[in-house]
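The values are calculated or read from the model by the stated rules, or taken from the named source; none is laboratory data. These numbers were taken from a predicted model, which means no experiment stands behind them. Glycine also receives a Cβ, built like all others from the backbone with ideal geometry; neighbour counts cover every protein chain displayed.
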Amino acid sequence: MANPVDIEEPREIVIRSKKYPEERLANLLDGALRFIFPIFNPASARFLIRLPIFEMRRILQKHPYLAVVHITNRCNGNCLHCVYKVGLRETRREPTIDEWEAFFLELYRQGVRAVNLWGGEPTLRMDVLRLAARIFPLLLTITNGTNRIGEWFKGRIFLSIDGPPEVNDYLRGKGAFERAIRHYQGDKRVIINSVVTHETLPFIDEIPDIAKELGVLGVVYNVECFRKGDNSRFLTPEEYEKIEEKLLKLSELPNVYMSKPLIRKMMHPENRNNRKCYYGSSVLHYQSDFTPRHCYSDYVQCGQCRVIPAGAGNPILAGIRSTKVIRMYLP
Ligand code: SF4
């Protein structure tokens, strides 16, 4: 297993290549976009401008432009509440970087422009993260903070911190809090992704202050909502009610990147038409050996799903409802 702290950055001088269409586009547009959309990085601005076209193509030609790709099944953590731990830590073949390049270019050719790079722990394949950063304009990833992702990654980094140090380290392992802080202090690409569980519920009000002290952009909350084979971790209806109440209050803080409609949709799967869930029906999902899968986990049940994407839904409608949701997705 790779050392959790000292993953070596691929040291490569990035020369914009003719091979990757987004890099060609970037050469032409970046300066102008920095001027017109100063709060977004140019790649996000390029994506935002073209978003209505991507949506039209999705509706008319059924071409998804978002993909969630698990780039490795390996992880260097052993979190108590990990939804992937049960069943998904099976060993999968790890494709080579050349195979990843062919796969990403094919996704691009089919119209994908935004990729959500998940794991396992995605930073264990820093080479794949770097490759994706050269091909797609919009990137999101989620990390446990054990390795620093270099400045070449212009996307959104969701950093897992679930509570103050003692609570976080109880769930995520000794030293996890300190390592996350050491690697991402002051990094504005970062939004803390905080999972609400039995253990963290009493402390969720403290996370926005932790984000401020850490100097990162802000916070989003996800709710532990399913787990194969271990019912002890399911939250009770009373706890869900308490969470909803607290999240609605917290969403009024400027550094909590969640809107009230998003929270209500997240917390009430019974009121959603889950068969039409944007994330399930209009987003491509791939395992780390390129096999497709239904949604973010094989063990997920839509009727119990209380994750942000199920609440955010269509990105255009979500953006119209709340600029905070745009900011959450676009660095
Ligand atoms: S699991 Fe959640 S996000 Fe996925 S399709 Fe079902 S409701 Fe949507």
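Summed over the range 180-201, residues that are surrounded by fewer than 17 Cβ atoms within 10 Å (Cβ to Cβ) and among the polar types (S, T, N, Q) total 1. Within the set E213, E151, the sole residue that is acidic (D, E) and modelled with pLDDT under 95 turns out to be E151.
When the helices (runs of 4 or more DSSP H) confined to the range 111-216 are screened for residues that are more than 30 Å from S282 (Cα to Cα) and either not assigned by TED's automatic domain parsing to the domain that holds S288 or not basic (K, R) (or both), those reaching at least 1 such residues are found at 165-172, 176-184, 207-214. Go through the residues of the range 170-179 one by one and say whether even a single one is surrounded by 24 or more Cβ atoms within 10 Å (Cβ to Cβ) and over 14 Å from the mean Cα position of the chain (by Cα). Yes; the residues of the range 170-179 include at least one that is surrounded by 24 or more Cβ atoms within 10 Å (Cβ to Cβ) and over 14 Å from the mean Cα position of the chain (by Cα). Taken over the range 243-260, the criterion of being under 20 Å from Q304 (Cβ atoms) and either in contact with a Ser or Thr (Cβ under 9 Å, 6 or more places away or on another chain) or within 12 Å of the ligand (Cβ to nearest atom) (or both) is satisfied by M258 alone. Of everything in the range 24-63 that is at pLDDT below 90 and aromatic (F, W, Y), the residue that is farthest from G319 (Cα to Cα) is F35. Residue count for the range 150-172, restricted to those that are touching a strand residue (DSSP E or B) at 6+ places or on another chain (Cβ under 6 Å), among the hydrophobic types (A, V, I, L, M, F, W, C) and under 23 Å from L66 (Cβ atoms): 3.
Being closer than 20 Å to N193 by Cβ and of a type in the set (S, T, N, Q) is true of S322.
Sort out for me the helices (runs of 4 or more DSSP H) sitting completely within the range 272-323 that have 1 or more residues that are farther than 24 Å from E101 by Cα, of a type in the set (A, V, I, L, M, F, W, C) and near the ligand (Cβ under 9 Å from one of its atoms). Steps first, please.
Working: elements: 278-281, 308-312, 315-321.
Passing ranges, in order: 308-312.
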